[in-house]
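This report refers to the structure that appears directly beneath it.
Since every read-out is calculated from the coordinates, none of them should be taken as a lab result. Quantities reported herein were computed from a predicted structural model and do not represent experimental measurements.
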Amino acid sequence: MRQRGRERRTRAGRTNVKSIRFLRAMAVAEATAFLVLILCGFTQPHLLGIDLLFVMGNVHGAIFTAYVISIFVFRSKVGWGPVMLLAVLVAGLVPGGGIMVERWALHPPR
């Protein structure tokens, strides 16, 4: 009986670590895509007629949507309350905010 309890705790711990790793990857991908989108917006008139802004807009939109959905899916596994959830969602709207989330909200306390 005791062994099952340990197994459950270990499995839950692994799930939590996997969830945090996934959210870290999504946060960095979202922040990077947003910064590349802004860069494409600044350089668009100077490129050879290639519509990179449209392409990166679609890529960023897909990554941001997946990021927001994953935040809601994994928030209970990570242990975020409503205040942390709101802070993470607002940080996702700021250019480079995903990197702040990855550094601040997803690292274990020291």
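Convert each backbone phi in segment 84-90 into a coupling constant with the Karplus relation 6.51 cos²θ - 1.76 cosθ + 1.60 (shift: θ = phi - 60°), then list the ³J(HN,Hα) values in order as whole Hz, x for Gly and Pro.
Residue by residue, segment 84-90 yields 5, 4, 5, 4, 5, 5, 5 Hz.
HN-Hα J couplings of segment 25-41 from phi, Karplus 6.51/-1.76/1.60, θ = phi - 60°, integer Hz, Gly and Pro as x?
4, 5, 5, 5, 5, 5, 5, 5, 5, 5, 5, 5, 4, 5, 4, 5, x
Starting from the Cα-Cα distance between F42 and V28, subtract it from 0.36 nm times their residue separation and give me the gain in nm to one decimal.
Here the answer is 2.9 nm.
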